[in-house]
Amino acid sequence: MKYLISILFFYILAAPNYAILSSGVKGEKEIEKKVKSLLSRMTLEEKIGQMTQVTIQAVSKLQGTKDQHHELDLEKLEEAVVKYKVGSILNVYDVSHEIDYWHEVITKIQDLAINKTRLKIPVLYGIDAIHGATYTKGSTLFPQALAMASTFNRQLERISGEITSVETRASGIPWNFYPVLDIGRHPAWPRLWETFGEDVYLVSELGKAYIEGAQGPDFSIDTKTAICLKHYAGYSLPLTGKDRTPAWIGERMMREYFLEPFRVGIDAGAETIMINSSEVDGIPGHANYHLLTEVLKNEWKFKGFTVSDWEDIKRLHTRDNVADSPEEAVRMAVMAGVDMSMVPYDFSFYEILLKLVKDDKVPIKRINEAVERILRVKFKSGIFENPYPVKSLSGSIGTDEHAQQNLQAARESIILVQNENNFLPLSKDIKLLVTGPTADKLMVLNGGWTITWQGNEESLYPQDKFTVLEAIESKIGKSNVTFVPGSDFSNLLDIEKAVSAANKSDAILLCLGETPYCETPGNITDLTLDLAQLELAKKIIDTGKPVILLLIEGRPRIINSIVPGVKSILVSFLPGMEGGRAVADILFGDANPSARLPITYPRFVNDFTLYDHKQIEAKEGNSYNPQWEFGHGLSYTTFQYSDLIISKDIITRGENLSVKINIKNTGDIKGSEAVLMFISDLYRSVSPPVKQLKGFEKIELTPGQTRTVEFIITPEHLSFYGIDFKKNVEPGKFVVSIGKLKKEFTLK
Ligand code: BGC
């Protein structure tokens, strides 16, 4: 009977998907026909135009800065679209625009493409809508990726994808250069906060959830965008920790860690991929035939297109010195598998590639393949049917409902890492001193890719959003709150005033962290938190008053010297536009923290051991001794884990294993718990990590309530890239662990 019910249930759930699937296949056949037919009518110039992408700066009168409104140069635009027949235009310089302005810009571009080009191929506009529609005024800006990862909540990630797509599409833009599926395994890398953290499974799962929400199976729908996975592959482990500097990653670890999220993302339907701006093992991303063609296109059968990162084809000559001329750089990149060049300021790529084909240095077959891929995505994105902005969506930018979802994401993203004697939550009649450089700025909550590239123009932030200080004042009343900055990011300010105010308060909220940055400008030479901030902390701690440390930062700055002196610590990896309210809700118990660290928080600057380290990293004189472990995070309630049950002690190859555990809320208030399942492979031919995350589920429990969480371990979860670089499962013993409970099983 149970079996029957589950079959029935399966059909009910699956039926609509079958419908989508079959119409999808039919739709795909039609698209293939259209692509072939259009391609057969194109001249070489038209084809190479499609492979060319320029920045809007290349077709603008003024640069468009915070002081000058951007203005299109219609002559230059006509040159780009009509003379050079560019396939794509991107971005903005360098500030968000009103939605009407976006509509005007996109309409002018498409008018030219539709009315003045022979084949009327619409331009595919692409943008960095990173934690929301970055460059549309008033948009909903979510916690950044590392903070979203801290939620361990797929549903929230899916929703953030949905909302970002609606608001981007409402701006008239159908293509988003997001999500970042690099895994953040170097804590100093200035793009760490753009990742979903250090774990390959977490990154893959959240990437998939984002893709489902943002793009879904059909991105011709008005509310969806084509997404772009980036930066393929191996970008996130620079040896130096500095952006765009070399990585040394061997083939096996490349596949096991860095390629895996991209493979999963492609399976989930990603149709465009941006290339690693740096180099791996001496081969720049844009010259890497193995990764771009052999793996991505041949092995994985990726049907979409690859786009270069900013100016990176030129850089094969000007920076990486692998091409001895600009011509060789273009030849190398196109032959490696780059389909579209983000040139982005001029038409040199077009001119050079045209000549290379005419001189038989690049075969027309390769051009046809690239253009076919680009046209396929254009057809799938629906812009042939309607290249223009969908005006009816205008009302969907920054709605109250979106703000509410954003607030929920922000609340679930703030990690309580220390809470001595349950010092938090605070009572609302406390006299609080708020101090430190991250207390009263919206930009610190948001980081880069917010309104501007660097995200550091505080004056442009929406005044109706709350900083941490404003949110606290509004919650407990201004008369209960004193604010003294104490320091900026790197200098002490009115320190005596801060100390004297501390002495008069019941407790101090010490708000430290980082100023916004993005990409190379965010490079640092020391992971330790700025000395002025540590000095402020020490002075405040010395008052003997209870201190709550709030860290708002894009990467884990070292703070070991002040940890013992404070009662409670909240870590937030850029909680977004509702971050101020979320912090206040958590401080005063209007929200119960449920976030966990998606990275290992290092204790020392030279100790970057990650949670899924090899045995030797925690043996024979070494130790895994971080400030806080990956997955660490506290709540205001308590959870008891019990009855870990596995369906079998011995499984055979190809078999699944069910793992069940009971979780009980043993405290007095409602709370959510991210339940994490780790697997350890005890012995195998490639040295195993001590453990790896292979399942997570976020559940909410009322006081006294118990829920059973079930995970299914599949052969995929037990596999790894073997000595022969192939995915493999080896028989042997495994241990599954959830909380402090463990069970061993054997694979025969
Ligand atoms: C970044 C990409 C971004 C591109 C376009 C590059 O500098 O690396 O992540 O999508 O610019 O703005």
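The values are calculated or read from the model by the stated rules, or taken from the named source; none is laboratory data. Just so it is clear, the model here is predicted, and its values are computed rather than measured. A quick note on method: Cβ atoms are made from the backbone with ideal geometry, for glycine too, and the neighbour counts reach across all protein chains shown. Heavy atoms of the whole protein, side chains included, go into the accessibility calculation; ligands, DNA and RNA do not. Shrake-Rupley method; radii C 1.70, N 1.55, O 1.52, S 1.80 Å.
One table, with the values for the structure above:
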item: Residue match in region 241-256 (condition: small (Gly, Ala, Ser) and open to solvent by less than 10 Å² (accessible area, probe 1.4 Å)); result: yes
item: Residue 580 being part of a helix (DSSP H, G or I) and in contact (Cβ under 8 Å) with a residue 60 or more places away in the chain; result: yes
item: Residue tally, condition within 16 Å of the ligand (Cβ to nearest atom), in contact (Cβ under 8 Å) with a residue 12 or more places away in the chain and hydroxyl-bearing (Ser, Thr, Tyr), over region 283-336; result: 2
item: Region 229-244 residues that are on the phi > 0 side of the Ramachandran plot, paired with ones that are assigned to a loop (DSSP other than H, G, I, E, B) and away from the ligand (no atom under 12 Å from the Cβ) (beta carbon under 6 Å, 6 or more apart); result: 234/249; 241/186; 241/188; 241/189
item: The listed residue being touching a helix residue (DSSP H, G or I) at 6+ places or on another chain (Cβ under 6 Å) and within 16 Å of the ligand (Cβ to nearest atom), out of 280, 343; result: 343
item: Residue among 159, 130 that alone is within 21 Å of residue 202 (Cα to Cα) and within 16 Å of the ligand (Cβ to nearest atom); result: 130
item: Number of positions in region 378-400 that are part of a loop (DSSP other than H, G, I, E, B) and in contact with an Asp or Glu (Cβ under 7 Å, 6 or more places away or on another chain); result: 2
item: Meets criteria (assigned to a loop (DSSP other than H, G, I, E, B), more than 21 Å from residue 575 (Cβ to Cβ) and more than 16 Å from the ligand (Cβ to nearest atom)) for residue 515; result: no
item: Residue check for residue 323: part of a loop (DSSP other than H, G, I, E, B) and among the small types (Gly, Ala, Ser); result: yes
item: Within region 58-72, tally of residues that are open to solvent by 30 Å² or more (accessible area, probe 1.4 Å) and not in a strand (DSSP E or B); result: 6
item: Residue 338 vs. criteria open to solvent by 10 Å² or more (accessible area, probe 1.4 Å), in the same structural domain as residue 246 (by TED's automatic domain parsing), closer than 13 Å to residue 51 by Cβ and hydrophobic (A, V, I, L, M, F, W, C); result: no
item: Filtered residues of region 81-99 (kept if open to solvent by 10 Å² or more (accessible area, probe 1.4 Å), within 16 Å of the ligand (Cβ to nearest atom) and in contact with a Leu (Cβ under 7 Å, 6 or more places away or on another chain)); result: 95
